[in-house]
Amino acid sequence: MARFTLPRDIYHGEGALEELKNLKGKKAIVVVGGGAMKRQGFLAKVEDYLKEAGMEVALFEGVEPDPSVETVMKGAKAMQEFEPDWIVAMGGGSPIDAAKAMWAFYEYPEITFEDLITPFSFPELRQKAKFAAIPSTSGTATEVTAFSVITDYAKGIKYPLADFNITPDVAIVDPSLVAELPVKQVAYTGMDALTHAIEAYVSTLNCPYTDPLALKAIEMVFDYLPASYRCNMEARAKMHDAQCLAGMAFSNALLGIVHSMAHKTGAAFSTGHITHGLANAMYLPYVIKYNAKDPVAAKRYAEIARFVGLGGASEKALINSLCEKINEFNVILNIPATLKDFGIKEDEFKEKIATISENAVGDACTGSNPRTIDPATMERLFTCIYYGTEVDF
């Protein structure tokens with residue numbers, strides 16, 4: 001038996017934000033990030049709509065990128081004092097992820113992070129509040145997923161929290177919130193969405209419920225991401241929908257080692273943070289070549305290539321076409337082809353790669369990758385990505 005879970009309601013398209021007026025409740029707390037939503041006037045709109053719904057509104061502002069355990073605990077305390085029956089999280093992945101964790105500690109103040117880090121071990125939520133999520137980037141799709149990532153900076157550990165309980169009740173996917181996204185964010189989040197959809201399609205947990213969502217998301221990213229990057233607003237709206245479809249697919253089919261590798265290299269090198277979507281974009285073609293040695297994965301990569309109209313008379317030719325298409329996109333989006341091009345120092349790479357590889361194999365996303373991998377093989381794969389060499393193993 002498998003399970004397929006989504007928000008009860010997904011409101012999408014221009015003006016979807018206004019649906020907040022129809023939420024039923026007495027009190028809402030709005031969780032937001034660094035200030036872009038306030039500057040662009042969306043925070044005021046959200047407050048007004050919730051007040052129109054007859055609710056008292058409180059704000060929890062200033063959730064940082066890669067939200068911390070401390071921020072989560074502060075937010076949970078604010079919720080315990082205010083006692084909302086709606087938690088409304090708005091922004092990129094970080095405020096929504098943070099609010100998901102706050103929700104658990106609001107409803108169960110006695111639990112600990114250690115209680116929650118075992119996947120699918122959350123207590124039953126919705127005892128005190130329901131959850132609405134409003135994304136302002138087109139990538140993470142946390143508005144429709146069962147996941148949240150919280151960082152314990154004291155221990156230097158990122159906790160991936162996973163439980164269908166934290167799938168939001170309501171998702172509001174309004175393209176007006178992404179109209180002013182910086183082009184770098186458009187590029188990185190767009191390639192993150194593409195990676196979500198491709199990894200979900202070839203995951204060992206793919207199923208007939210997730211496949212159509214993944215394929216449609218891939219098709220839409222290939223059709224609209226370059227134009228979105230050039231600030232075409234119709235394409236931005238399409239990308240906002242595409243990333244949400246990709247999220248519905250991967251929340252239920254899970255991911256693979258592109259994400260394992262990105263998680264474990266993001267903050268590993270002294271030359272600077274490797275943005276998550278950029279890492280995914282860089283690693284994806286190499287991982288496809290690695291996974292395609294598995295016949296089941298090869299068949300599914302070829303199906304993706306055929307679905308989006310890429311050329312190739314054989315399975316191998318279709319997979320090569322898919323990798324070439326991703327490489328073309330990376331060139332258009334100014335994403336480097338190798339870790340060396342990104343600027344990682346060779347001596348530091350060599351010094352750290354064994355530990356990084358071991359950590360990546362242990363990542364939660366590795367289990368659903370279509371081809372197994374061990375730390376030594378992971379190190380070989382990373383070495384190909386560093387120098388830009390062919391994956392022939």
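The values are calculated or read from the model by the stated rules, or taken from the named source; none is laboratory data. Predicted model, so just to flag it, every value in this text is computed and none were measured. All Cβ positions, even for glycine, are placed from backbone atoms using ideal geometry, and neighbour counts span all protein chains on display. These area figures cover heavy atoms from the full protein model, side chains too; ligands, DNA and RNA do not enter into them. Shrake-Rupley method; radii C 1.70, N 1.55, O 1.52, S 1.80 Å.
A few points about this structure:
- Qualifying residue in the range 312-332 (condition: assigned to a loop (DSSP other than H, G, I, E, B), aliphatic (A, V, I, L, M) and over 22 Å from LYS216 (Cβ atoms)): yes
- Scan the range 113-131 for residues that are within 24 Å of the chain's Cα centre (by Cα) and either of a type in the set (S, T, N, Q) or in a strand (DSSP E or B) (or both) and the total you get is 4.
- Breaking point among (1) more than 14 Å from PHE164 (Cα to Cα); (2) more than 19 Å from the chain's Cα centre (by Cα), for GLY139: (2)
- Residue in the range 277-284 that is open to solvent by less than 60 Å² (accessible area, probe 1.4 Å), modelled with pLDDT of 95 or more and over 30 Å from LEU161 (Cβ atoms) present: no
- Of all the criteria given as (1) modelled with pLDDT under 95; (2) open to solvent by less than 60 Å² (accessible area, probe 1.4 Å); (3) over 23 Å from LYS158 (Cβ atoms), the one not satisfied by ARG3 is (2).
- Boolean, THR145 is open to solvent by less than 10 Å² (accessible area, probe 1.4 Å), polar (S, T, N, Q), closer than 21 Å to ASP363 by Cβ and at pLDDT 95 or above: yes
- Pick from the range 23-37, criterion over 23 Å from the mean Cα position of the chain (by Cα) and within 15 Å of MET90 (Cβ to Cβ), ranking: most open to solvent (accessible area, probe 1.4 Å): LEU23
- Evaluation of ALA279 against the conditions (1) under 22 Å from ILE304 (Cα atoms); (2) touching a residue at least 40 places away in the same chain (Cβ under 8 Å) shows that the sole unmet condition is (2).
- Residue pairs whose Cβ atoms lie under 6 Å apart, separated by 6 or more positions or on different chains, with the first residue in the range 336-349 and part of a loop (DSSP other than H, G, I, E, B) and the second of a type outside the set (Phe, Trp, Tyr), are ALA337/GLY388; THR338/GLY388; GLY343/THR271; ILE344/THR271.
- When we screen ASP9, ASP85 for residues that are within 21 Å of GLY139 (Cα to Cα), surrounded by fewer than 20 Cβ atoms within 10 Å (Cβ to Cβ) and out of contact with any Ser or Thr (no Cβ under 8 Å at 6 or more places or on another chain), the only hit is ASP9.
- Within the range 311-335, considering residues that are hydrophobic (A, V, I, L, M, F, W, C) and over 27 Å from GLN185 (Cβ atoms), the one farthest from the chain's Cα centre (by Cα): ALA313
- Apart from one condition, MET378 fits all of (1) open to solvent by less than 60 Å² (accessible area, probe 1.4 Å); (2) free of Cβ contacts under 8 Å to residues at least 60 places away in the same chain; (3) closer than 25 Å to ALA200 by Cα; (4) not basic (Lys, Arg); the exception is (2).
Yes or no, residue by residue, for (1) closer than 27 Å to LYS316 by Cα; (2) among the aliphatic types (A, V, I, L, M); (3) modelled with pLDDT under 95:
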| residue | (1), (2), (3) |
| --- | --- |
| VAL186 | no, yes, no |
| ALA197 | yes, yes, no |
| ALA200 | yes, yes, no |
| ASP211 | yes, no, no |
| SER228 | no, no, no |
| GLY256 | yes, no, no |
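- In the range 223-238, the residues that are over 14 Å from LEU177 (Cα atoms) form Cβ pairs under 6 Å with partners that are open to solvent by 20 Å² or more (accessible area, probe 1.4 Å), at six or more places apart or across chains, as follows: TYR224/LYS238; PRO226/ILE332; TYR229/VAL183.
- Among the residues of the range 317-368, the one identified as out of contact with any helix residue (DSSP H, G or I) (no Cβ under 7 Å at 6 or more places or on another chain), open to solvent by less than 60 Å² (accessible area, probe 1.4 Å) and of a type in the set (Asp, Glu) is GLU348.
- Enumeration of residues in the range 367-393 that are closer than 24 Å to PRO336 by Cβ and not hydrophobic (A, V, I, L, M, F, W, C): ASN369, THR377, GLU379, ARG380, THR383, TYR386, TYR387, GLY388, THR389, GLU390, ASP392
- Number of residues in the range 64-73 that are modelled with pLDDT of 95 or more and surrounded by 16 or more Cβ atoms within 10 Å (Cβ to Cβ): the value is 2.
- Some residue of the range 165-183 being closer than 26 Å to GLY13 by Cβ and free of Cβ contacts under 8 Å to residues at least 40 places away in the same chain: yes
- Condition check for TYR49: open to solvent by 20 Å² or more (accessible area, probe 1.4 Å), of a type in the set (Phe, Trp, Tyr) and modelled with pLDDT of 95 or more: yes
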